[in-house]
Every structure is written in C-alpha cells, then in structure tokens.
1. Go through region 115-141 and report how many residues are without any contact (Cβ under 8 Å) to a residue 24 or more places away in the chain and not in a helix (DSSP H, G or I).
2. Looking at this structure, is residue 193 open to solvent by 30 Å² or more (accessible area, probe 1.4 Å), on the phi < 0 side of the Ramachandran plot and either assigned to a loop (DSSP other than H, G, I, E, B) or touching a residue at least 60 places away in the same chain (Cβ under 8 Å) (or both)?
3. Given the conditions (1) among the hydrophobic types (A, V, I, L, M, F, W, C); (2) under 25 Å from residue 204 (Cα atoms); (3) modelled with pLDDT of 85 or more, which single one is not true for residue 86?
4. Hey, could you check region 137-152 for residues that are touching a Leu at 6+ places or on another chain (Cβ under 9 Å) and closer than 11 Å to residue 201 by Cβ and say which is surrounded by the most Cβ atoms within 10 Å (Cβ to Cβ)?
5. Could we say that residue 162 is closer than 21 Å to residue 88 by Cα, in contact (Cβ under 8 Å) with a residue 40 or more places away in the chain, exposed (fewer than 15 other Cβ atoms within 10 Å of the Cβ) and aliphatic (A, V, I, L, M) here?
6. Kindly indicate the residue of region 98-134 that is surrounded by 11 or more Cβ atoms within 10 Å (Cβ to Cβ) and of a type in the set (Gly, Ala, Ser) and also nearest to residue 188 (Cα to Cα) among those meeting that condition.
7. Take region 247-261 and flag every residue that is surrounded by 15 or more Cβ atoms within 10 Å (Cβ to Cβ) and either of a type in the set (Ser, Thr, Tyr) or in contact (Cβ under 8 Å) with a residue 24 or more places away in the chain (or both).
Amino acid sequence: ALLLVLLPRADSAALLRRRPRPLAAPALLLRLRGGQEPAPASQKPPGSPPTTTADVHASADTPPSPSPGLLARLLNSAPVAHFRSAPPITRSWVTVSVLLTVLASQRLVDLRSIAFAEREVVRRGEWWRTLLNFFYMGEQPLSVFYWLQIYHLWECMRILELVKYAWEPGQFVRMIVSNIASLLLLKQLSPSLMFLGTPLVMVFMYVYAREYESSITNFLGFFQIRTGWLPFAQMVQDGVQTGDMMPNLLGLLAGHFYFYTNEVAPRMLLPSRPPTLAQFVAAMDKAAPPGSTPSEGEEELEAAAEGGEEEGEGGEEDELGR
C-alpha cells in the first residue's frame, strides 16, 4: 500500500504487471541427472515463432500441476503394487489371515468362537468353525516367524495360482477344498489341535515343492536349498521353535495324499484289476531274460526235485511187483 501511494501511477501499474522470473535449475544438478542446461528465457531456438504478449500472460496464468498426495503415493508404492498384482484367491486368503490375526491380537475376536470343535459344529450348528480355523496363523503379528509363515503361504499360493492353475482356477479351488476335508479327517489323530492354518500352509508348501523340486529357493533369507527340501526344513524350524511337529506332519500327509492321487497315480500304467497268482507267476516267467543260467541254489533245488521224483517212481514199481 505504501508503494502504491509513493510511486507514480505508471510505475505502480508496471509493478503490478511484473511477474517473478522462474529460477533455473543448477547446471551441475542437470548434468548429474543426464540432462542439459536450459537456455535462458531470452534465447530461443532458431526457427521458433516469436513470443507475443498473450503467450506471456497465458504461461503466467497457468497454475502449476498439483503434487500427488500421501494416499496416491501410498497406493503407487512397490509393496502395494506387488499386493495388487497378486491373483485374487491368494490376495483374499492372505488378507483374511492377517486381518484375523490383528483382530485376535487386539482381543476383538474371541478365539474360542472360531476354533474347530466337532461337538459345537454338530450340536449347535456353528458351521463357520470348519472354515475360519484355517485362516488363523497365530496371535502375534509382530513375530518374525509369523511373517515367515505368511511369506511361505503367499509365495506358494501365488505361484501355484499363477503358473500351475493359471487356466484352471476351478482346479485350484478344488485342491483347497479337498485338502481342507483331508485335514478335518486327519485332525482326529491329534484331538488337541484346534486350528488348522499351519497344516494348510504345509499342504501348499508340499505341493509347490513337489511341482518345482529341482529349483533352488531361499530359506530364512540366509540358506539356499532345493525346493524339494523346503517342507522338511520348515518342519524342523517349527519343531525347534515350538517343540511340536504334529501340525506340519498332518499337512505333509494331506499334501502327499493329494499330490499322489491327482498327479502321480494318473500317470502310472496300472491294471484295471489285480492279477491272479497264476497270471503273476506266468508274468514273472516271461520277465526272465532268455538264455539265463540258473544259479547254484536253483541247480540244487532242481536236483533235489528230480531225486524225489525218481524215488517216487521206484517206490511205485516195488509196490506193483509185490
């Protein structure tokens, strides 16, 4: 206000129309980034049209582009992008597992209401127990071993869904349902086991290890082992950590039963019905290589059999003579 009063009218109008000059980036910074130093505003490349007053006012009145907010930067971060790129079944399963663990750690979910108990399911009809107990992995979300288990679940499910069952998502759901049924039956071997999330992780790990057993995987971030040994290494780790290997053993049995019945047995050439004893002996005789010489034991047995036949014939002739 003081400048407007003291300065003449023409000078004050020029002062109002004056725009601040944009600051040029340092030349050294541009060179480090691989760019070139921009030319001054007064210098223009040859062949460009002359700058008019309207262009100057239009460029000055254009507002700067707003910077992305915190939420946009969070959604575009690498972990969130990796999570969003995962297949739907894996993403949903891991999300429910982590959410259930967080709610249980804050005592917002009573674990007694989701533990699997046959009496509560049969008598009271609490059917949700047969499914929710498979999502529970523990109530310690700050534990390193908990996140290692979640990592194994994430990687095995993601690769199986993206590679093996990429064109057959129904088969992937069938695998999950059949293994859930197997674990519910195998739970009778350990009645004190109330949550079957850890055995189901072992099922996914076993199927993944048998499918890609010749590859190399990273275990605990320090060891490079064959993928075929991954379930057994995880079993040893849980045994050292908790002293109980029964959950992993149940998962190992269920995973082996599924993999054998669905992957191994269909590729085997087996007869439709078991052979009889005569067919088995005939097949063994045909399987013997031609021109093979009998061993010493076989020669002794044949000599004893021939001697017994001669004795029997001599006894029959004596009886006939009498």
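The values are calculated or read from the model by the stated rules, or taken from the named source; none is laboratory data. Since the model is a prediction, treat every value here as computed from it, not as a measurement. Quick reminder, even Gly has a Cβ in these numbers, built from the backbone with ideal geometry, and neighbours come from all protein chains shown. Remember, those area values only see protein heavy atoms, side chains included, never the ligands or the DNA or RNA. Shrake-Rupley method; radii C 1.70, N 1.55, O 1.52, S 1.80 Å.
1. 4
2. Judged against the criteria, residue 193 is not a match.
3. Of everything listed in (1) among the hydrophobic types (A, V, I, L, M, F, W, C); (2) under 25 Å from residue 204 (Cα atoms); (3) modelled with pLDDT of 85 or more, residue 86 misses just condition (3).
4. For region 137-152, the residue satisfying everything is 137.
5. Details: closer than 21 Å to residue 88 by Cα: yes; in contact (Cβ under 8 Å) with a residue 40 or more places away in the chain: yes; exposed (fewer than 15 other Cβ atoms within 10 Å of the Cβ): yes; aliphatic (A, V, I, L, M): yes.
Yes; evaluated as a whole, the condition is true for this residue.
6. 117
7. 247, 248, 250, 251, 252, 253, 254, 255, 256, 257, 258, 259
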